[in-house]
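Take a look at the structure set out below.
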Amino acid sequence: MKDFLFDAKKINFLIICVLTFFLYSCASAPKVENIGETIRATFEPVDTTPVAIAVPEEIKDKPRTYFSYVDSKIMEDVEIGSPASLRRAASLLRQSNSIYEENDKVLLAIETSIMQMVYPSERVEWGDVSISSENAYIGAINSAKNGIYDTSTGNEDFLSILLPSLVILNVNDVSSFFSNSEAALKKSLELRNNSVLANYLLGELYKKSGNKSEALRYFKEASSLAPECFQTSYTYMECLKDTGYLAEAKEIVEPLLEKYPTNTSLLKSCAHIFYETGDYDKAEQYVSRALQQDPNDLPMVLFRAQILMEKKDYIHAASLLDVYSRQDNSSKQYLLLRASLQFDWSKNIHAAINTVESALKLYPEAEDVLLLAARISSFSGLTVAGKNVNFYARKVLKEDPANEIALQYAVEGFMQEKNWQEAYKLNKNLMSSKKVSRKVQFNHIKICIALKKYDEAWNDVSGMYKANPDDEEIVEHYVLVMVESGKSVQALSVINQQLSSASSKLKSFLYYQRSFLQNTEETVLSDLRSSLMSNPKNSESLFRLYKIYFNKKEYRKSQYYLKQVVALSPSNADYRNLLEELNSLIK
């Protein structure tokens, strides 16, 4: 029974197969031929060879990403990331698609964000696009706008690697993501070494981390890759200025200003560069043009006052400071300029001291305030807030041991105290620096004379005189060393030679020095009177006449000359004490 059932199943299966074959043959309409009782069908042959689909060269052997099927030229332009290349990419994208796909829209949105965040002065020339859903690329941009370095982009391609670093432009402190961003941007440059965007962002990263020399390298590259771009050229120029390459900065800023003559940022940069290079006329010209654009720019008002003071145009500088003080009379720069004006122009030393004391209360640790306090104390011989020049100089040197200005004030403080050994030690350090100022050289000569180190003083001054025999300051110190060291014959020869062509100031000095080489009182007095005829304010000649008449007990004449000395140096306590003693003798 089982065998029968099995056979029946076999028969049924065969019948179904035959019927199926028959139906299929009918449906496909084959050619049919009857040969007796046999049915034979012929079919068209079927080609079973696999068909090869062509893969574009630009994506062959590359991992598939979100933008894999976007034209490679478009992607290259986006990755270069300059304003010009972004515009070109947007134009190519528009030409290649009548209807934007979703990834096209995302790419345009990325371009828009780059243009707005990196190049704010540039116009976006393509329309806004609507994206149906956020993805990793847009998410990274939105995070960057909120000050967050997004690490979840997947790092699949150039854009996903670079976009999180747009956050650099929105924050000041990059320390929390510096290493990640540095590695990502360097990886971006490995993928696209001519990327303006990657070079620019890496420059910004280093600048904000305090490494301006490294920033300069990448800003330079970004600027050379996109010379037409304002932002890259301007940032490179600013970095040159900040790192002391003023001549190079000047070469960039003026041509830029020709293209953008009303750009206030450029005008301000020009003003600062020319100020730092000592061209105060041009600096004032540019700061004036900046103020024409924005008359209420208070920092520029203050800066113009600073420039005018360097030009010794104190009257106009004072007017500008008065204008500024109506809105702010407590800013550090204002107080510094006001004190300097009072000290250098109006010679109101006590007013200058009061102003500096106000600055010290508000900015007790500010180096420039401390240095001005040291300067005023050094030149006036008075204390500022109860402290002398050495206190302020040492306070600066504690934080900045190599500060040459503070070292110089410390030297002058020791010279005032007649602490010649300490003055010599400090000034010797200054003499060993690469650039030695004239002030330091002249101080060293005076210190050596005080310590009777005549050979050292002579070696220094004779070399200076040989190089510049017509420089009057050098002539003064040359003669001084000869007189003090006993080279009387040489000194007399140089004095008589110089007198015929010397200025009034130098003549006064030479007559004063020659008075020490005379043998009679009559010739000494004659030279001192000649000295005062050339310069009535020569306090040294006046003081020597006071001493001569005091020693002769001619107190009225002595008083006459000492009063003039005190009038010239009203803050000198030693002179005031001598006058009080002399007045008591006359009474």
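Residue 454 to residue 191: extension gain in nm, 0.36 nm per residue of separation minus the Cα-Cα distance?
87.9 nm
When you count, for each residue, the other Cβ atoms within 10 Å and take the mean per peptide, how do 466-473, 81-88, 209-216, 556-563 rank with the highest first? Walk me through the numbers before you get to the answer.
Details: 466-473: 12.0, 81-88: 22.2, 209-216: 15.6, 556-563: 17.5.
Those peptides, ordered most packed to least, come out 81-88, 556-563, 209-216, 466-473.
Whole Å is fine, so just give me how far the alpha carbon centre of the stretch 493-520 lies from that of the stretch 369-401.
Each part reduced to its Cα centre gives a spacing of 36 Å.
What percentages, rounded to whole numbers, describe P(r) for the stretch 456-587 computed over all alpha carbon pairs with 5 Å bin width beginning at zero?
2, 11, 18, 19, 17, 14, 11, 5, 2, 1, 0
Which aspartates and glutamates, on any chain, are close to residue 259 with Cα under 16 Å apart, when same-chain ones fewer than 8 places away are left out?
List returned: 122, 228, 251.
Cα extents of the stretch 97-149 along the three principal axes, largest first, in whole Å?
Principal-axis extents of the stretch 97-149 (Cα, largest first): 35, 26, 11 Å.
In nanometres, what is the gap between the two model label sites at residue 135 and residue 265, each 7 Å from Cα along Cα-to-Cβ?
It is 3.2 nm.
Find how much the distance from residue 554 to residue 347 grows on full extension, using 0.36 nm per residue of separation minus their present alpha carbon separation; answer in nm with one decimal.
The span from residue 554 to residue 347 would gain 71.3 nm if fully extended.
How high is the FRET efficiency between residue 224 and residue 326 when r is their beta carbon distance and R₀ equals 60 Å, given to the nearest 0.05?
0.80
Contour minus end-to-end for residue 472 and residue 521, with contour as 0.36 nm per residue of separation and end-to-end as the Cα-Cα distance?
Contour length minus Cα-Cα distance gives 14.8 nm.
Quickly work out the residue 365-to-residue 296 label distance, labels modelled 7 Å from Cα along the C-beta direction, and quote it in nm with one decimal.
Reported label-point gap for residue 296 and residue 365 is 3.4 nm.
How large are Rg and Dmax for the stretch 323-410 when only the alpha carbon atoms are used, in Å?
12.5, 38
Residue 105: which lysines have alpha carbons under 25 Å from its alpha carbon, excluding same-chain residues fewer than 8 sequence positions away?
60, 62, 73, 145
Accessible area of the chain with a 1.4 Å probe: how many percent of it is carbon plus sulfur?
51 percent
Using the Karplus curve 6.51 cos²θ - 1.76 cosθ + 1.60 with θ = phi - 60°, work out ³J(HN,Hα) for each residue of the stretch 493-505 in order, rounded to whole Hz, and write x for Gly and Pro.
After applying 6.51 cos²θ - 1.76 cosθ + 1.60, I find 5, 5, 4, 5, 5, 7, 4, 5, 10, 6, 5, 4, 5 Hz.
For the chain, what is the per residue volume of the convex hull drawn over the alpha-carbon atoms, in cubic angstrom? Can you show the working numbers first?
Working: hull volume 170.7 nm³, N = 587.
Taking the convex hull of the Cα positions in the chain, it is 291 Å³ per residue.
Go through the stretch 539-554 residue by residue and turn each phi into a ³J(HN,Hα) via Karplus (6.51, -1.76, 1.60, θ = phi - 60°); whole Hz please, and just put x for glycine and proline.
Each residue of the stretch 539-554 in turn: 5, 5, 5, 4, 5, 5, 5, 4, 5, 4, 6, 5, 5, 8, 6, 8 Hz.
For the cross-link pairs 241/361; 428/466; 241/332, which exceed 25 Å when the distance is taken from alpha carbon to alpha carbon?
241/361
Which aspartates and glutamates does residue 453 reach when only Cα atoms under 14 Å apart count, and residues fewer than 8 places away in its own chain are ignored?
Leaving aside aspartates and glutamates fewer than 8 places away in the same chain, those within reach of residue 453 are 484.
For residue 433 and residue 101, what does the FRET efficiency come to when R0 = 51 Å and r is the distance between their Cβ atoms, rounded to the nearest 0.05?
0.15
Please find the FRET efficiency linking residue 156 to residue 254, where r is the Cβ-Cβ separation and R0 is fixed at 60 Å, and quote it to the nearest 0.05.
Efficiency at R0 = 60 Å is approximately 0.85.
Just the number please: accessible area per residue for the chain, 1.4 Å probe, all protein chains included, in Å².
Values: 32500 Å² over 587 residues.
Here the residues of the chain average 55 Å² of exposed surface.
Could I have the simple spin-label model distance between residue 379 and residue 581, label points 7 Å from Cα toward Cβ, reported in nm to one decimal?
2.9 nm
Once every DSSP H run of n ≥ 4 in the chain is given -39500 (n - 2.57) and the sum is divided by its residues, what mean residue ellipticity at 222 nm do you get, rounded to the nearest 500 deg cm²/dmol? Don't skip to the end; give the middle numbers.
On the way: 30 runs with 397 residues, N = 587.
Roughly -21500 deg cm²/dmol at 222 nm, from the helical runs in the chain.
In Å, the Kirkwood hydrodynamic radius of the stretch 253-292 over pairs of distinct alpha carbons? The partial results should precede the final answer.
On the way: mean 1/r = 0.1039 Å⁻¹.
For the stretch 253-292, the Kirkwood estimate is 9.6 Å.
For a test of understanding, tell me how many lysine pairs in the stretch 492-587 have Cα atoms under 18 Å apart, given they are 8 or more places apart or on different chains.
Close lysine pairs under the 18 Å cut-off: 13.
The values are calculated or read from the model by the stated rules, or taken from the named source; none is laboratory data. All values derive from a computational prediction rather than experimental measurement. Counting neighbours? That spans all protein chains shown, and the Cβs are built from the backbone with ideal geometry, glycine included. Side chains included, ligands, DNA and RNA excluded: accessible areas come from the protein's heavy atoms. Shrake-Rupley method; radii C 1.70, N 1.55, O 1.52, S 1.80 Å.
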